[in-house]
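Visitor: Would you mind keeping the following structure in view while I ask a few things?
The values are calculated or read from the model by the stated rules, or taken from the named source; none is laboratory data. Computed from a predicted model, the values in this text were never measured in an experiment. Reconstructed Cβ throughout: ideal geometry from the backbone, glycine too, with neighbour counts over all protein chains shown.
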Amino acid sequence: MKIFLSLIFISLLYSGKVYSQTFAGSSAGQFLKIEVGARSAAMGGAFVAAADDASAIYWNPAGISKLKTNSVTFSHTYWFAETNHSYAGLVLKISEDHALALSYTSLSMPDMEVTNEFYQDGTGEYFSATDLALGISYALNITNEFSMGFTGKYISQNIWHMYASAFALDVGLLYKSPIEGLTIGMAVTNVGSQIKYEGEDNFIYYSFDPNSKGNSDKIFSEIKMDSWDLPLLFKVGLTYQLLRSETNSLLFSCDAVKPNDYNEYVNIGFEYGFKEVFYLRGGYKALFKRDSEEGLTGGVGVIYFITDFIPLSVDYSYSTFGILNDIHRFSVEIGF
């Protein structure tokens, strides 16, 4: 417990230094904030301490060491403006107390026709934009109550001729408290290098003085691009197992989130289970967040055993987003 509190204190000190910006759009790589997994999204995104499936790679890497078997998960989100968010994760238990994981995240859009002031109906060219993150994780159970996990990530963003990349680290902690049913979690995500776009569209011909005779208008130059911080998040969460029997279970969860590019907010959620087969979930996102369009969430899940040792989980979630499109997520997880 002392280790857990010490790491929280250190993280708070670190976050106090880097969380100086309080306005939206002041960090890059916003796709890293898009939640993974229909189960967690249905619970309002309150999943830092509840991270007990393969989506823990995203929410809190410490959780993967608590898994009993290997597991693979796939998640798809129909995001805004016809964009699609996809995620895949693989957890490999290398021993009872140690686990490794690999993850893949992408945000993509359909090809779009290039237009300009001269060809407003299109030039005949097409462009696309893709965001990508590749991760490798490691987690261990330090004691029966305390777990720690890490994820290293390579992040890439591309739009037509321009590209940018960065590296980042996620750190997660889980602590099963002496209070029966109460678990505490903490995660710091996207701690890493700044990201800056480069590419052929940065290069231009420049003229120092176009009104002066003898001036060269063919000086090959490069536009200096700004570097941007990644969307750093500090999250602390609690889950409480209010009820667990052979027939019924009920879990409550709450997360407090501190981003580097906006104000603090709270996510809350619950999960009701019937005979460990059917699950009903609900929650509320972004309480106390200024000008937020997010709100109520909900979803369902089913677990079906393909064999006695291979469970298949299928989950769906629905999230309201105010004046924007509501969000639908689907995810599948298989244990082996």
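Visitor: Does residue 177 count as hydroxyl-bearing (Ser, Thr, Tyr), surrounded by 11 or more Cβ atoms within 10 Å (Cβ to Cβ) and out of contact with any Pro (no Cβ under 7 Å at 6 or more places or on another chain)? Talk me through it step by step, then tell me what you get.
Guide: Numbers: hydroxyl-bearing (Ser, Thr, Tyr): yes; surrounded by 11 or more Cβ atoms within 10 Å (Cβ to Cβ): yes; out of contact with any Pro (no Cβ under 7 Å at 6 or more places or on another chain): yes.
Yes.
Visitor: Condition first: surrounded by 12 or more Cβ atoms within 10 Å (Cβ to Cβ) and of a type in the set (S, T, N, Q). Now tell me which residues in region 216-249 satisfy that.
Guide: 227, 239, 241, 248, 249, listed by residue number.
Visitor: Here is a further query. Give region 201-243 a look and list any residue that's of a type outside the set (Ser, Thr, Tyr), over 30 Å from residue 158 (Cβ atoms) and touching a strand residue (DSSP E or B) at 6+ places or on another chain (Cβ under 8 Å), or say none. Write out each step before concluding.
Guide: Step one: filter region 201-243 for residues of a type outside the set (Ser, Thr, Tyr), giving 201-204, 208-211, 213-215, 217-220, 222-226, 228-238, 241-243.
Now drop any that are not over 30 Å from residue 158 (Cβ atoms), which leaves 208-211, 213-215, 217, 236-238, 241-243.
Listed by number, the residues that qualify are 208, 217, 236, 237, 238, 241, 242, 243.
Visitor: Out of the residues in region 268-291 that are closer than 24 Å to residue 71 by Cβ and of a type in the set (Gly, Ala, Ser), which is surrounded by the fewest Cβ atoms within 10 Å (Cβ to Cβ)?
Guide: Restricting attention to region 268-291, the residues satisfying the condition of being closer than 24 Å to residue 71 by Cβ are 269-281, 283.
So of that shortlist, the ones also of a type in the set (Gly, Ala, Ser) come out as 269, 273, 283.
On the way: 269: 28, 273: 20, 283: 28.
Result: 273.
Visitor: In addition: Of 133, 139, which residue is under 14 Å from the mean Cα position of the chain (by Cα), of a type in the set (A, V, I, L, M, F, W, C) and buried (at least 17 other Cβ atoms within 10 Å of the Cβ)? If you could, list the steps in order and put the result at the bottom.
Guide: Values: 139 fails: under 14 Å from the mean Cα position of the chain (by Cα).
Selected residue: 133, the only one of 133, 139 that is under 14 Å from the mean Cα position of the chain (by Cα), of a type in the set (A, V, I, L, M, F, W, C) and buried (at least 17 other Cβ atoms within 10 Å of the Cβ).
Visitor: Would you kindly identify the strands (runs of 3 or more DSSP E) lying entirely within region 198-260 that contain at least 3 residues that are of a type in the set (A, V, I, L, M, F, W, C) and under 19 Å from residue 177 (Cβ atoms)?
Guide: Working: elements: 203-206, 219-222, 233-244, 248-259.
The qualifying strands (runs of 3 or more DSSP E) are 233-244, 248-259.
Visitor: Of the residues 115, 130, 123, 105, which is of a type in the set (Ser, Thr, Tyr) and touching a residue at least 60 places away in the same chain (Cβ under 8 Å)? I'd like the intermediate steps shown before the answer.
Guide: Numbers: 115 fails: touching a residue at least 60 places away in the same chain (Cβ under 8 Å); 130 fails: touching a residue at least 60 places away in the same chain (Cβ under 8 Å); 123 fails: touching a residue at least 60 places away in the same chain (Cβ under 8 Å).
Selected residue: 105, the only one of 115, 130, 123, 105 that is of a type in the set (Ser, Thr, Tyr) and touching a residue at least 60 places away in the same chain (Cβ under 8 Å).
Visitor: Do you know which of the residues in region 312-332 that are more than 15 Å from residue 77 (Cα to Cα) and at pLDDT 95 or above is surrounded by the most Cβ atoms within 10 Å (Cβ to Cβ)? Break it down stepwise before answering.
Guide: Step one: of region 312-332, the residues more than 15 Å from residue 77 (Cα to Cα) are 312-313, 322-323.
Subset that is at pLDDT 95 or above: 312-313.
Details: 312: 14, 313: 21.
Only one residue tops the list, namely 313.
Visitor: Also: Which ones in region 169-182 are more than 21 Å from the chain's Cα centre (by Cα) and either touching a residue at least 60 places away in the same chain (Cβ under 8 Å) or not in a strand (DSSP E or B) (or both)?
Guide: Scanning region 169-182 gives 175, 177, 178, 179, 180, 181.
Visitor: Let me ask something else. Looking only at region 72-91, filter to residues that are β-branched (Val, Ile, Thr) and in contact (Cβ under 8 Å) with a residue 60 or more places away in the chain; which one of those is surrounded by the most Cβ atoms within 10 Å (Cβ to Cβ)?
Guide: Within region 72-91, the subset β-branched (Val, Ile, Thr) is 72-73, 77, 83, 91.
Pick out the ones that are also in contact (Cβ under 8 Å) with a residue 60 or more places away in the chain and you get 72-73, 77.
On the way: 72: 17, 73: 27, 77: 23.
Here the residue is 73.
Visitor: For region 129-162, give me each residue that is part of a strand (DSSP E or B), of a type in the set (Phe, Trp, Tyr) and modelled with pLDDT under 95. Before you say what the answer is, go through the steps one by one.
Guide: We begin by selecting, within region 129-162, every residue part of a strand (DSSP E or B); these are 129-141, 146-159, 162.
Narrowing the set further to residues that are of a type in the set (Phe, Trp, Tyr) leaves 138, 146, 150, 154.
Within region 129-162, none qualify.
Visitor: Look at residue 75 and say whether it is part of a helix (DSSP H, G or I), closer than 20 Å to residue 303 by Cα and polar (S, T, N, Q).
Guide: Values: part of a helix (DSSP H, G or I): no; closer than 20 Å to residue 303 by Cα: yes; polar (S, T, N, Q): yes.
Judged against the criteria, residue 75 is not a match.
Visitor: Related question: Among the residues of region 219-234, is any among the charged types (D, E, K, R), over 30 Å from the mean Cα position of the chain (by Cα) and closer than 30 Å to residue 280 by Cα?
Guide: No, region 219-234 contains no residue that is among the charged types (D, E, K, R), over 30 Å from the mean Cα position of the chain (by Cα) and closer than 30 Å to residue 280 by Cα.
Visitor: Now for a different question. Would you please name the residue that is modelled with the lowest pLDDT, looking only at residues in region 97-124 that are part of a loop (DSSP other than H, G, I, E, B), surrounded by 12 or more Cβ atoms within 10 Å (Cβ to Cβ) and not hydroxyl-bearing (Ser, Thr, Tyr)?
Guide: 122
Visitor: Right, another one. Just for region 292-311: of the residues that are farther than 20 Å from residue 255 by Cβ and not aliphatic (A, V, I, L, M), which one is surrounded by the most Cβ atoms within 10 Å (Cβ to Cβ)?
Guide: 311
Visitor: Determine, yes or no, whether residue 208 is of a type in the set (Phe, Trp, Tyr) and under 28 Å from residue 257 (Cβ atoms).
Guide: So residue 208 fails the test.
Visitor: Also, I was wondering about something else. Could you figure out which of (1) closer than 30 Å to residue 161 by Cβ; (2) at pLDDT 95 or above; (3) assigned to a loop (DSSP other than H, G, I, E, B); (4) among the aliphatic types (A, V, I, L, M) isn't true of residue 24?
Guide: Every listed condition holds for residue 24 apart from (2).
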